[in-house]
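The values are calculated or read from the model by the stated rules, or taken from the named source; none is laboratory data. In this text the structure is predicted, and so the values were computed from the model without any measurement. Cβ coordinates were reconstructed from backbone atoms using ideal geometry, including for glycine residues, and neighbour counts include every protein chain displayed. The accessibility values were calculated without ligands, DNA or RNA, using every heavy atom of the protein model including side chains. Shrake-Rupley method; radii C 1.70, N 1.55, O 1.52, S 1.80 Å.
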Amino acid sequence: MTFFIFLLACGAAATTGIIFKPGQWYETLDKPGFTPPNWAFPVAWTLIYLLLAWVGHRLVAIPGSQVLLALWAAQIALNALWTPVFFGAHRLFAAMLIIAVLWLVVAMMVLLAFKLDVISGLLLLPYLGWLSVAAALNFAIMRRNSW
């Protein structure tokens with residue numbers, strides 16, 4: 001049951017991507033050469049959200065995981081916030097700040113997870129990797145398109 005509760009939270013965050021689609025505005029931005037193809041984003045996020053739900057489910061059963069679970073809640077809130085700020089409000093700098101804090105929270109989660117549960121730590125690595133790409137992309141777009 002806990003897996004589905006965490007999956008519901010991930011689904012809520014994912015919904016922001018349905019509401020605030022990249023659209024014409026994003027297409028007209030000057031993007032760097034390392035920009036992933038559009039099809040890669042929903043594929044990556046689907047996998048990441050499934051892994052995040054699994055991590056949350058695992059952590060509930062581990063004594064001493066309260067801080068990690070609090071970080072889990074913080075990262076899903078920041079994750080859900082980034083999309084409307086970037087794609088909805090077109091606030092590239094604010095989105096950069098959000099994704100920087102999100103990256104730090106997830107990096108802290110990875111470090112703490114490896115101490116409590118190696119499997120959870122490993123399951124979080126694709127998220128941290130994808131966030132690294134997303135943060136670099138956000139930064140490059142911000143630099144190339146600041147008027």
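What percent of all Cα-Cα pairs in the range 1-145 falls into each 5 Å bin, going from 0 up to the bin containing the maximum distance?
2, 10, 20, 24, 19, 12, 8, 4, 1, 0
What angle, in degrees between 0 and 90 and rounded to the nearest 10, separates the Cα long axis of helix 40-60 from the longest principal axis of the Cα atoms of the chain?
20 degrees
Can you give the angle from 0 to 90° between the axis of helix 66-83 and the longest principal axis of the chain, with both taken from C-alpha atoms, to the nearest 10?
Relative to the chain, helix 66-83 is tipped by roughly 20 degrees.
According to a simple spin-label model (label point 7 Å from Cα along Cα-to-Cβ), what is the distance in nm between V118 and A100?
Rounded to a tenth, the inter-label distance reads 3.5 nm.
In square angstrom, what is the accessible area per residue of the range 1-145 with a 1.4 angstrom probe?
On a per-residue basis, the range 1-145 sits at 52 Å².
Assuming a viscosity of 1.567 mPa s and a temperature of 4 °C, what translational diffusion coefficient in µm² per second does Stokes-Einstein assign to the range 48-130, Rh being the Kirkwood radius over Cα pairs?
Rounded, D is 100 µm²/s.
Where does helix 2-19 land angle-wise versus the long Cα axis of the chain, in degrees 0 to 90, nearest 10?
10 degrees
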